[in-house]
Amino acid sequence: MYYNVCMSKALNIAAESLSRAGGDSAVSFSLNIHPNKDNTMTNFNVKKLSHLSLFTGIGGCAASIKQAGIAVQTVAISEIDRTKESIYNAIHGETLNLGDILSICKADIQKLGHIDILTAGFPCQSFSRLGSRKGFSCEKLQAILGAMTNVINWARPNYILMENVSSITD
């Protein structure tokens, strides 16, 4: 029973956090627990939030969300590096890869259905202290960010989580 109480509290905290972050009633958790005599569970259901990952790498953003206790189902990723895609699939399971963000079209996104959470660990080379330091003036980055903006507009996710180097604000 102790496990059930802790899990219930954790789910309530996660739901409250999402709600305070600007969420709405679309985020809900369903907790169906039927403990056996030895306090093991036979049924535990949590509504998973649909997740689209851009610039996926090996899945750091997805892992962070899961570690925070938020149940997600990644419906698709966008990763051009085949080695990183292979590592991602080994860690997180086979997932549809939409490929290069510059080639993604509105129809690709519409096929995915509703997206609750979109994550993007977009390229940092133009911001990194070890990179070109061109910032937002980098033409390649401008094209990538334009494509990312299109995907966000098409997906209309409830939440967006973007990750980059700290020097992006310099």
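The values are calculated or read from the model by the stated rules, or taken from the named source; none is laboratory data. None of the values given here were measured: they were computed from a predicted structure. Don't worry about glycine lacking a Cβ; one is built from the backbone with ideal geometry, like all the others, and counts go over all protein chains shown. Accessible surface areas use protein heavy atoms only, side chains included; no ligands, DNA or RNA. Shrake-Rupley method; radii C 1.70, N 1.55, O 1.52, S 1.80 Å.
Each Cα pair of region 48-103 feeds into the Kirkwood radius, which the Stokes-Einstein equation turns, at 4 °C and 1.567 mPa s, into a diffusion coefficient of 116 µm²/s. 3J(HN,Hα) along region 55-68: 6, 5, x, 9, x, x, 5, 4, 5, 5, 4, 5, 5, 6 Hz, from the Karplus curve 6.51 cos²θ - 1.76 cosθ + 1.60 with θ = phi - 60°, whole Hz, x for Gly and Pro. Computed with a 1.4 Å probe over protein heavy atoms only, the accessible area of LYS106 comes to about 100 Å². Across region 104-111, computed HN-Hα scalar couplings (Karplus, 6.51 cos²θ - 1.76 cosθ + 1.60, θ = phi - 60°) run 6, 10, 4, 4, 4, 6, 4, 5 Hz from first to last residue, x flagging Gly and Pro.
Placing +1 on each Lys and Arg Cβ and -1 on each Asp and Glu Cβ, with no other charges, gives region 44-119 a dipole about its Cα centre of roughly 240 debye. Using the Cβ atoms and a cut-off under 15 Å, what net charge is assigned to the surroundings of ASP100, where Lys and Arg are +1 and Asp and Glu are -1? Once all neighbours under 15 Å are counted, the net charge is -1. Computed with a 1.4 Å probe over protein heavy atoms only, the accessible area of TYR159 comes to about 30 Å².
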